[in-house]
Every structure is written in structure tokens, then in C-alpha cells.
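K.L.:
The structure that follows is given in the form of C-alpha cells.
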Amino acid sequence: MEKFEKLKSKVIPLPMTDVDTDLIIPAQFLTSISREGYGQNLFRRLRDNDPNFPFNLERFKNAAILVAGENFGCGSSREHAVWALAGAGIKVVIAPSFADIFFSNSAKNGLVLVTLPAAQVERMLVEAQAGEFEVTVDLESQSVTLPSGETFKFEFDQFRKHCILNGLDDIDYILSFKEKVAEFRAGQPTAVNCVQGEK
């Protein structure tokens, strides 16, 4: 998992609420057990049906921060939704609220989810429409800074913050303690010693 500390990027606005995982990555594209290749089909149904869908517009090309409405990531628990967003270059999603399972899947895959009050999100959705609206997301300071210099603070789980800042998925986190585990094991009596001690 890549480390994430700070990102300055153009914003792509998605002024929709209750965006579910089937909209993010439609079921017919869940054809691989690999995490690769899902980005090309991100929001495929919406992109195919609406030429003005934000992900079809040149002015939002290369945006790495997505701003959306409430309850983003609801619906089925498919982890592929996170893989699709990441595969399309999205590194941060800002919304007033997220579905619980999507939130958990994102944290484990290094996709940073920022929860902000609805009024702040709505302001960004409006200002981002022109296509040149850049914000800076700083995970260390837990802040979002607008072009004006105004800063919004956000809460973030400290365990997940540590993992994302250091590029650690759950397995990497466990393995980061392997030296301490080895030291602990070395200090424990062997099975033979335990048996002899019982005599």
C-alpha cells in the first residue's frame, strides 16, 4: 500500500447522494480476482448514459480528489468499488457521510475518506464545477485547505491514520512487529524445558 501524507489536487464534483457500490463499479465488471483493471469501468453505467457525467469531462481529467453527497459507498459490500476508485486515480473522497463497510474497505486499501459537514461539502461541490478548483488534503494535520487558504479540520481514526501514513495494510501492520514477536518467543521456555520442568 502506498504511503499517503498530503495531496494537492483538482477536485471532481459528484453532486449525488446515496451513491452505491453498484454505481461505482457495476456487477457485470466484477470478472477478476486481481485488484487491477477496475478503474477503466469506474461509474461505467453513468458514464455510458450521460456524456456530461463529470468523469467524462475533460476539465476534470487527472483529478485525484472526489467530492460527493451523503451516504457514499452504500449498497453491497464489494471491495471492488474501492479498487475501481483507486484504479482511476482517486486518492481521496470527501463527503458528509459514508457507508460503514465501504469506509472499512477504503481504510484497508489506503483510500482516504474525509468526512466534513454538509455545508462545507456543498460549497466545494459548487466551486469545483468550473474544473480548476484545487484543494490540499493533509492527513497528518487532518485538514482540507481551500484555494482561499481557508482550512477545514476533519476527524480520522488514529490506527488507520498510522497505517495510511506509513503505507501499511493489515498484514503489513502485523509484520511490522515481527522482531518484537521473535524476541518474545526467544524468551519463552521451549516445549522440552517445560516437560522437564514438570518432572
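FYI, it's all coordinate maths here, none of it is from the lab. Remember, it's a predicted structure, so these values are computed and weren't measured experimentally. Every residue, glycine among them, receives a Cβ derived from its backbone with ideal geometry; neighbour counts consider all protein chains shown.
K.L.:
Taking Cα pairs under 8 Å and at least six residues apart, what relative contact order does region 79-125 come out at, in percent?
P.N.:
It rounds to 42 percent for region 79-125.
K.L.:
Still on this structure, please answer the following. Rank the residues SER9, SER141 as a footprinting-exposure proxy: fewest other Cβ atoms within 10 Å of their Cβ go first.
P.N.:
Fewest to most other Cβ atoms nearby, the residues stand as SER141, SER9.
K.L.:
Which FRET efficiency value, to the nearest 0.05, is calculated for GLU134 and GLU2 with the Förster distance at 22 angstrom and r the Cβ-Cβ distance?
P.N.:
0.60
K.L.:
Let me ask another. Among ASP169, ASP100, ASP50, which one shows the highest mean-square fluctuation when the chain is modelled as a Gaussian network with alpha-carbon springs under 10 Å?
P.N.:
ASP50
K.L.:
Can you compute the modelled spin-label distance between GLU122 and ASN49, with each label point 7 Å from Cα toward Cβ, in nm?
P.N.:
Inter-label distance under the simple model: 2.6 nm.
K.L.:
Moving to a separate point now. Report the far tail of the P(r) of the chain, meaning the percent of Cα-Cα pairs longer than 24 Å.
P.N.:
Here the long-distance tail beyond 24 Å is 45 percent of all Cα pairs in the chain.
K.L.:
Between GLU127, GLU58, GLU155, where does the largest GNM mean-square fluctuation fall for the chain, given springs only between Cα atoms within less than 10 Å?
P.N.:
GLU58
K.L.:
Just want the ordering: SER97, SER106, SER32, from fewest to most Cβ atoms lying within 10 Å of their own Cβ.
P.N.:
Ranked by crowding around the Cβ, least crowded first: SER32, SER97, SER106.
K.L.:
Springs between alpha-carbon atoms under 10 Å, Gaussian network over the chain: tell me which of PHE159, PHE98, PHE133 tops the mean-square fluctuations.
P.N.:
For the chain, modelled as a Gaussian network with Cα springs under 10 Å, the answer is PHE159.
K.L.:
Would you mind getting me the FRET efficiency between THR115 and LEU57? Use the beta-carbon distance for r and R0 = 22 Å, nearest 0.05.
P.N.:
Efficiency, rounded to the nearest 0.05: 0.25.
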